[in-house]
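Worksheet: the structure to be examined is printed underneath.
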Amino acid sequence: MKRIIYSICVLLTALTSTASAIDVHYIDKVEEVNVEVPVGNAPRLPYQLWVTYSDGKGEYRQVKWLNASEALEKAEANPAMNPVGTIYKVRGLIIGDNSTPNGYPVSADVKVVDSSFKIQDSSSKYQDSNILKAEPLPLNQVSIDGDNRLTWNRDLDIDHLLTLPVKQQLYNYRDTYGFSTEGYPEADGWDSPTTKLKGHGSGHYMSALAFAFASCQDAAKKAALRQNIKEMVDGLRECQERTYVWNEELGRYWEARDFAPEEELKQMQGTWADFDKYKKEYQKYGYGYLNAIPAQHCVLIEMYRAYNNESWVWAPYYSVHKQLAGLIDIATYIDDKEIADKALLIAKDMGLWVWNRLHYRTYVKSDGPQNERRSHPGNRYEMWNMYIAGEVGGMAESLARLSEMTDNAEDKAHLLEAATYFDSPAFFDPLSKNIDAIRTRHANQHIPMVTGALRVYRGNNNPYYYNLAQNFWTMIQGRYRYAMGGVGNGEMFRQPYSQITSMLPEPTLNETCCAYNLAKLTKDLNCFNPDDARYMDYYERVLYNQIIGSVNPRKYQTVYQYAVGLNASKPWGNETPQSTCCGGTGTENHVKYQEATYFVSSPSMGGGQGEACLWIALYMPTTAYWAQQGVIIKQECQWPAERSIIRIIPNSSSKFQDSSSKFATSFSLLARDPFGVQVSSSKNHNSQLSIVNSQFSIKFRVPYWATEGFDIKLNGKSIARHYQPSSYVEIPPRKWSEKDVVEVVMPFIRHIDYGPDKLEGHWVGAFMRGPLVMAATGISTWDEATVDADHDLSSFIPDYDGDQHLTHYFRLRDDSLSVHNEQLRINNEQLNDSQLSTLQELLLIAKSRADEQQAWEALAVKVPEYAPWAKHGYARMIEQLKKAQSIMGAPKDKYSQEEIDNVVDALNAVINTMRPGNLAEVEDLEELKQLVDKAKSQLKIQVSGFKIQDSQVSTRQLKTNSQLSTPPKERMEGASQLSTAIDYANMVIRYVTDGSGTYDMIERATKQLKEI
Ligand SMILES: [Zn+2]
């Protein structure tokens, strides 16, 4: 623990020395926005604009564009309404400014141009091919140095990982493939025998082992990790080989397409009795099938079977993806060729099983009403558009990666084709035109699909995939992210620009998996445009705040939903990769912080047109090896760093001769240099060899927050007069010498990350210092959290270091914000219009939902779980819809601005809390809650003195009794059963409250309590 305390002290000293009060100044000038948009697309507008204040200072400020309604975006993208040559304006507002009640008005001039697919991004660069401009230095060639929070978290994760038994991870596979499970402990968490997501945890476990292996600096631990990896890979291959079954009649091996002919598929169910039946028939799974659950689970989705229902599925391809990713990560980082080849073979065979199944048994039909689209099994348009059941994680990413790693031409083509089978047209098509298809979708179901699309682009060079990924990322920045980089309320995206309204009343938001996946998407986008500093600005935001802050440094635990907002406590738990989805991504997160620190290009990249260049994307204490240039890059700093020293050391010493990618063993010798900025360069190199043979340039990121005091000195001399925040500054190609010293100075400038929507008429913002979100404790009401914009932060701590009762967002007093500029003409008419257009948009959403529900209610045969919307939320929405319609239809002066605002807020709230028809609502819990209360008092009578414990399990928790706490042995059998039933019921209550519980679960919990 000493190390942690040390790093906090260093940080606080550093922070107080750079604190400066915010002056009350007004916006003087905002950069102009002129964009060209290819016909058929909505314009891609910058989410931040450079503003200059009356005192001459400047910074990037967030913009809320007023074209975010779906109807407006669709109109903008309609070639009939906006043909080539059209010029139009889009209005926007700089948020957190009081020049007008809604912000500082800005506008963008948009010109529609004739270009079939090249979308201009805000850095005015065109992405015109799938050629990568840069790649990150691989994880195993960058090590984090010193004693700091980064190395502490890493080692904590590795040590914890080594305590997990491999045999437990193999339990489900042995069970699924007819092997004895004797001596193999039952899996638990979401991989327990009674959950349908099993296999997801084993996949995360394998990825975590691979990343830990790549990052581990301790030879003994590395050997133990290697042994576990080997055991896991061998165990899986043994199972997979049971599917290689020759069929005389077919004259070939039994394949994926042969499993469950259509008549069987139509009758197939997903109950546990069915699972038990299918796991005895592993010979029929088809060549190459590898999963911790029988093949029947995957194919049920072809019948559009709903999520989390006793009879059906959870999210079949989600867990397949985790397992593929784990095997690919092992193949990438293990230093034993035999293990690497075997892991790749298992993954490839399973990848080809997926290709075979989807190629022969599925199709896409996107037109017509839903019942028509679902009239035959296997319509992928419907399969992947299902809530959670259609959650496929990064299937496309893994399959595209497998294609890249495969030499055989046919297999390569099939794997890439299989990746495109996971396209979700309902989500992708609007996104490719820059229409926001994110709103109200499940967050983590969709983010990895986008990462997959971008990986597919590498393989097929179809700009559709690049554009949708770029558009998605840009929308996230402006419309959905919170200060620490995370997204989602509960597990859902809400309406654009509604982060603050959506934050209330429960600060359970920003699922950790979303942060993990957004970081990955950002890293991958950066490879195509490494000079655009916005990518690594965001990566830094999400890594330094949410990801690093999502592990408990006192004891290995991670969080599911991150705690954001007012008086929020991090809900620690999720200790194992199988415990929950966030337990899974959690295990991976902390052994790969360094994966995007350095990007490089070489002359061979970009079709041989490239130059050798190194991008210093993050400032972290690291030592890296760049094999192509034969150099060691050493960054000496603390973490977080306001100053960093960078040296380039020729790799001429014999101990660094290994230039293969498996170089980490010898590399670790250098990585263990003492911590601190005073480290002198290695004395092991003699002067003859101290010049790097080839030339390359280095580009340094100037973070968006570095608005004052930033400097880069090469051998003591500044390399520029002015450093533009959110850009890269370059030292041109040169032969680097070991004597060269680059010093980066970057005082943590204080600024505010504003929420886009107001809270009770006031702007809300998170205080930041440099890259860090700052948090305060001891605040429990919004009145206490109402402060001036230049509020004293000396008692604040960085959020990553916080734990319980943290407040991140503050209501900002009006007169402390940038104020009204007398010269600015306020157009109140325009502002009222903007609220009215929001209302109009909400009305359209409400109306279309009402139409959907009415069409379903008119059906002769109704399957309740296929109802578009659950009834209570639907009823609330109809009530608000009527109120809103009366305002919209009334004369303009009949309602005050306040009344319009209230209706907008209320309608927004009911739309955001509606649930799909297969999910239960809080109102459905009434009987169960009463039964729980009754059972609790009964238990007190039965076992006096026994304390009832609420399990500390997260919502969306499994439906199993196996892991629930049970009373001491000596207690009565009845009490034990009752207590278990209460625990289960409490879990269901949390689950339903959070929005993922089903009617089945309530029924089961109710039945259990009634029977006892
Ligand atoms: Zn998660």
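Data for the structure
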| read-out | value |
| --- | --- |
| Residue within the range 504-514 that is surrounded by fewer than 24 Cβ atoms within 10 Å (Cβ to Cβ) and without any contact (Cβ under 8 Å) to a residue 40 or more places away in the chain present | yes |
| Any hit, the range 575-588, residues being away from the ligand (no atom under 16 Å from the Cβ) and out of contact with any Gly (no Cβ under 9 Å at 6 or more places or on another chain) | no |
| Hey, ASN98 modelled with pLDDT under 95, closer than 26 Å to TYR538 by Cα, assigned to a loop (DSSP other than H, G, I, E, B) and not aliphatic (A, V, I, L, M) or not | no |
| So TYR598, is it within 14 Å of the ligand (Cβ to nearest atom) and not charged (D, E, K, R) | no |
| Contacts under 9 angstrom Cβ, first residue in the range 556-584 being over 18 Å from ASP799 (Cα atoms), partner near the ligand (Cβ under 10 Å from one of its atoms) and among the acidic types (Asp, Glu), 6 or more apart | CYS581/GLU511; CYS582/GLU511 |
| Residue pairs meeting the criteria (Cβ under 6 Å; at least 6 apart or on separate chains; first without any contact (Cβ under 8 Å) to a residue 24 or more places away in the chain, in the range 339-350; second in a helix (DSSP H, G or I) and not aromatic (Phe, Trp, Tyr)) | ALA340/ALA331 |
| Selection from the range 457-487 of residues that are within 16 Å of the ligand (Cβ to nearest atom) and under 23 Å from LEU72 (Cβ atoms) | VAL487 |
| Which listed residue is closer than 30 Å to LYS758 by Cβ, among the aliphatic types (A, V, I, L, M) and more than 18 Å from the chain's Cα centre (by Cα), from ILE500, ILE547 | ILE500 |
| Test for ASN444: is it within 30 Å of LEU566 (Cα to Cα) and either crowded, with 24+ Cβ neighbours inside 10 Å or free of Cβ contacts under 8 Å to residues at least 60 places away in the same chain (or both) | yes |
| Counted residues, the range 188-223 - those being more than 22 Å from ASP1000 (Cβ to Cβ) and buried (at least 24 other Cβ atoms within 10 Å of the Cβ) | 16 |
| Lone qualifier among ALA720, ALA706, ALA775, ALA766 - being surrounded by 23 or more Cβ atoms within 10 Å (Cβ to Cβ) and either part of a loop (DSSP other than H, G, I, E, B) or in contact with a Cys (Cβ under 6 Å, 6 or more places away or on another chain) (or both) | ALA706 |
| Every residue from the range 488-534 that is among the β-branched types (Val, Ile, Thr), within 16 Å of the ligand (Cβ to nearest atom) and either in a loop (DSSP other than H, G, I, E, B) or under 20 Å from GLY452 (Cα atoms) (or both) | THR512 |
| Failed item, numbered, when TYR544 is tested on (1) within 16 Å of the ligand (Cβ to nearest atom); (2) within 30 Å of TYR728 (Cα to Cα) | (1) |
| Subset of the range 778-810 (residues that are buried (at least 22 other Cβ atoms within 10 Å of the Cβ) and of a type outside the set (A, V, I, L, M, F, W, C)) | PRO798, ASP799, TYR800, GLY802, THR807, HIS808, TYR809 |
| The range 279-294, residues that are over 19 Å from LEU352 (Cβ atoms) and more than 34 Å from the chain's Cα centre (by Cα) | LYS280, GLU281 |
| Residue check, VAL551 closer than 30 Å to GLU70 by Cβ and within 16 Å of the ligand (Cβ to nearest atom) | no |
| Some residue of the range 553-570 being among the aliphatic types (A, V, I, L, M), under 19 Å from the mean Cα position of the chain (by Cα) and over 24 Å from ILE144 (Cα atoms) | yes |
| Subset of the range 70-99 [surrounded by fewer than 18 Cβ atoms within 10 Å (Cβ to Cβ), of a type in the set (Gly, Ala, Ser) and in contact (Cβ under 8 Å) with a residue 24 or more places away in the chain] | ALA71, GLY85 |
| Residue check, TYR556 more than 16 Å from the ligand (Cβ to nearest atom), among the aromatic types (Phe, Trp, Tyr), under 27 Å from GLN169 (Cβ atoms) and in contact with a helix residue (DSSP H, G or I) (Cβ under 7 Å, 6 or more places away or on another chain) | yes |
| Check on GLY630, surrounded by fewer than 24 Cβ atoms within 10 Å (Cβ to Cβ), away from the ligand (no atom under 16 Å from the Cβ) and modelled with pLDDT under 95 | yes |
| Residue in the range 302-313 that is part of a helix (DSSP H, G or I) and aliphatic (A, V, I, L, M) present | yes |
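Rundown of residues vs (1) in contact with a Cys (Cβ under 7 Å, 6 or more places away or on another chain); (2) in a loop (DSSP other than H, G, I, E, B); (3) surrounded by 21 or more Cβ atoms within 10 Å (Cβ to Cβ), yes/no style:
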{"site": "GLY326", "(1), (2), (3)": "no, no, yes"}
{"site": "ASP341", "(1), (2), (3)": "no, no, no"}
{"site": "LEU345", "(1), (2), (3)": "no, no, no"}
{"site": "TRP353", "(1), (2), (3)": "no, no, yes"}
{"site": "TYR387", "(1), (2), (3)": "no, yes, no"}
{"site": "GLU410", "(1), (2), (3)": "no, no, no"}
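The values are calculated or read from the model by the stated rules, or taken from the named source; none is laboratory data. Predicted model, so just to flag it, every value in this text is computed and none were measured. Counting neighbours? That spans all protein chains shown, and the Cβs are built from the backbone with ideal geometry, glycine included.
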